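No lab work stands behind these numbers, since they all come straight from the coordinates. Keep in mind that what you see is a predicted model, and the values were worked out from it rather than measured. Quick reminder, even Gly has a Cβ in these numbers, built from the backbone with ideal geometry, and neighbours come from all protein chains shown.
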Amino acid sequence: MKQILTGSSVIAVFILMLLSPREVFDGAADGLLLWFQVIVPTLFPFMLISNLLIESGGTDLIARVIGKGFARLFGTSSGGSYAVIAGFLCGYPMGAKVTADLLRKGKITPREGKYLLSFCNNTSPVFIMNFIVWKTFGQQELLISTLLILLGVPVLLSFLFRRLYLKNETGFPEVSGAGNRKDGNRETGMFDRCMMDAFESIVKVGGYIIFFSIIIALMEKAAEELPVLLFAAPLLEVTNGILLIHSRIRETLISYPLVMGLTAFGGLCSVAQTDCMLQGTRLSILPYAIQKLTAAAAASLIAFLYMKIKLYGL
């Protein structure tokens, strides 16, 4: 049954693409431009330097400096502290990639990997400030509240999620990762390996963005006959979704909470990107998606209450 449903869905998309070549072209072009002009210069440098840090042992130095503080605040091991930094500062899907890389290198346990994934894969502060606050809403006064909501909600939820993974323990165990190191000179070809891994990851991210941009374009055309699709389209990809919400809902009391919820969730495209980064780690995407939906609901509720107080003083 699953194979039939999957095959039928792919056939339906293929037929829509044949019937709507202009929408396919425009969607692919929009996705490619978004990837090339925004995602590559924003994300690729961090992917490369993150790989170099993990390969060269730089994360061990970072762990010595901030590991104890993060262990007290988030309950992570020293090795897992770097995933917290990358997940909150670098944007989707860097939190998932770093968590997966640390797990493959044996620097964290699978249980800690599940915990880190539950709150460390978030939108970057740069995207929040530039795209959401300044470009989309154009309201400087929303800067502090937006940052606090989108960065504060995952922090707060980490206290809830850690109970699921730590249970009665006070923190995750320290692991050396020595058993995962390869024999020979680890410096030989290190930069090339790290660069090729970063290229592979950024190309995969671009492929998902282009594909989901095409689906959004097709859904927008189909919405002429089925208007209900307009409500589903923003869930596919966060950047296009934010623009769709803001262009169709002018009331800030409604649009702002919806944008906050979508950004906290990341869209189905970011879920697919995250699943791609987790390949070979045995980390499941389903708990991650549920946890992101929880964050989306919390962010939307807090944003609605904030706008209600801001606009009406209630």
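Against the test of being without any contact (Cβ under 8 Å) to a residue 40 or more places away in the chain, in contact with a helix residue (DSSP H, G or I) (Cβ under 9 Å, 6 or more places away or on another chain) and of a type in the set (A, V, I, L, M, F, W, C), the options I202, I254, I242 yield a single qualifying residue, I254.
Assessment of region 64-83 against the conditions (assigned to a helix (DSSP H, G or I) and more than 27 Å from L148 (Cβ to Cβ)) yields at least one matching residue. Among the residues of region 107-116, are any touching a Lys or Arg at 6+ places or on another chain (Cβ under 8 Å) and part of a loop (DSSP other than H, G, I, E, B)? Within region 107-116, none of the residues are touching a Lys or Arg at 6+ places or on another chain (Cβ under 8 Å) and part of a loop (DSSP other than H, G, I, E, B). Contact map, region 58-69: residues that are touching a residue at least 40 places away in the same chain (Cβ under 8 Å) paired with residues that are assigned to a helix (DSSP H, G or I) and surrounded by 17 or more Cβ atoms within 10 Å (Cβ to Cβ), Cβ distance under 7 Å, separation 6+ or inter-chain. Pairs shown: T59/L53; T59/Y82. Provide a single number: the residues in region 1-46 that are surrounded by 14 or more Cβ atoms within 10 Å (Cβ to Cβ), aromatic (F, W, Y) and without any contact (Cβ under 8 Å) to a residue 24 or more places away in the chain. Looking only at that region, the number is 0.
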